[in-house]
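Report on one structure; see the data block that follows.
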Amino acid sequence: QVQLVESGGGLVQAGGSLRLSCAASRNTFSLNAMGWYRQAPGKQRELVASIDSADGREYGDSVKGRFTISRDNAKSTVYLQMNSLKPEDTAVYYCNMKRPGYLEVWGQGTLVTVSS
């Protein structure tokens, strides 16, 4: 069973930075699209950023210019560099793995709290 293990969340002041990591146990990591989603209390889960197998990237409007998604296929890991953090970025961040013909996989989530 494929597992995604997130790390890097925590408490940071507004304007600060954090880097989230998500390590996957799937050997064919490079063939998967990877994404970061977040869910704030009382809100729906939303896409933060995604990166496909060809390194095509997509970002949510609220994080464009501040967050960067990247992947290291040799380490089966996807990263989310978050800069200029705002209190409204506070949420549980989830890693996601997708590949046509395979079950979608979610990580357990990591909490990011941005204080004002």
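The charge dipole of segment 23-116, taken about its Cα centre with unit charges on the Cβ atoms of Lys, Arg (+1), Asp and Glu (-1) only, comes to about 100 debye.
Cα-based radius of gyration for the chain, normalised by 2.2 N^0.38 Å, reads 1.00. Along segment 52-61 the Karplus relation, 6.51 cos²θ - 1.76 cosθ + 1.60 evaluated at θ = phi - 60°, assigns HN-Hα couplings of 8, 5, 9, 6, x, 10, 9, 10, x, 4 Hz to successive residues, with x for each Gly and Pro.
What net charge is computed for the residues neighbouring Leu85, neighbours being all others with C-beta under 15 Å from the C-beta of Leu85, Lys and Arg scored +1, Asp and Glu -1?
On the way: positive: Arg19, Arg38, Lys64, Arg66, Lys86; negative: Glu88, Asp89.
Every neighbour counted, the sum reads +3.
Residues whose amide H comes within less than 5 Å of that of Thr90, counting only those at least five positions distant or on another chain, are Val114 (H built at 1.01 Å from N in the peptide plane).
Apolar share of the accessible surface for segment 4-116: 48 percent from carbon plus sulfur atoms, 1.4 Å probe.
Annotation note: trypsin sites (Lys or Arg not before Pro) in segment 1-81 located in DSSP loop regions with a Cβ neighbour count of at most 11 within 10 Å are Lys43, Lys64. Measuring nothing but how far apart in sequence close Cα pairs (under 8 Å, 6+ apart) lie, relative to its length, the chain scores a relative contact order of 36 percent.
Sorting Leu11, Leu111 by solvent-accessible area of protein heavy atoms yields Leu11, Leu111, largest first, with a 1.4 Å probe. The phi torsions of segment 63-69, fed into the Karplus equation with coefficients 6.51, -1.76 and 1.60 and a -60° offset, translate into couplings of 10, 4, x, 10, 10, 9, 9 Hz, rounded to whole numbers, with Gly and Pro shown as x.
Taking amide H as placed 1.01 Å from N in the peptide plane, the amide H of Phe67 sits under 5 Å from that of Asn83, each at least 5 places away or on another chain.
Would you mind telling me which residue in Thr28, Thr90, Thr68 has the biggest mean-square fluctuation in a Gaussian network model of the chain, where springs connect alpha carbons within a distance under 10 angstrom? Maximum fluctuation in the GNM of the chain, among the listed residues, is at Thr28. For a straight C-alpha distance cut-off of 21 angstrom, the lysines reachable from Lys64 (same-chain residues fewer than eight places away being disregarded) are Lys43, Lys86. Shown is the FRET efficiency for Ser25 and Lys64, computed with R0 = 22 Å from the Cβ-Cβ distance and rounded to the nearest 0.05: 0.10.
Using DSSP to define loop residues, name the GluC sites (Glu not before Pro) in segment 13-116 whose beta-carbon has at most 14 other beta-carbon atoms within 10 Å. Show your work: numbers first, answer last.
On the way: sites: Glu46, Glu58, Glu88, Glu104; in loops: Glu104.
Qualifying residues, ordered by number: Glu104.
In the context of the full set of protein chains, residues of segment 33-86 present 53 Å² of accessible surface per residue (probe radius 1.4 Å, heavy atoms only).
The values are calculated or read from the model by the stated rules, or taken from the named source; none is laboratory data. Worth saying up front: this structure is predicted, and the values here are computed from it rather than measured. Here Cβ is always computed from backbone atoms with ideal geometry, including for glycine, and neighbour counts include all displayed protein chains. Please note that ligands, DNA and RNA were not included when accessible areas were found on the heavy atoms of the full protein model with its side chains. Shrake-Rupley method; radii C 1.70, N 1.55, O 1.52, S 1.80 Å.
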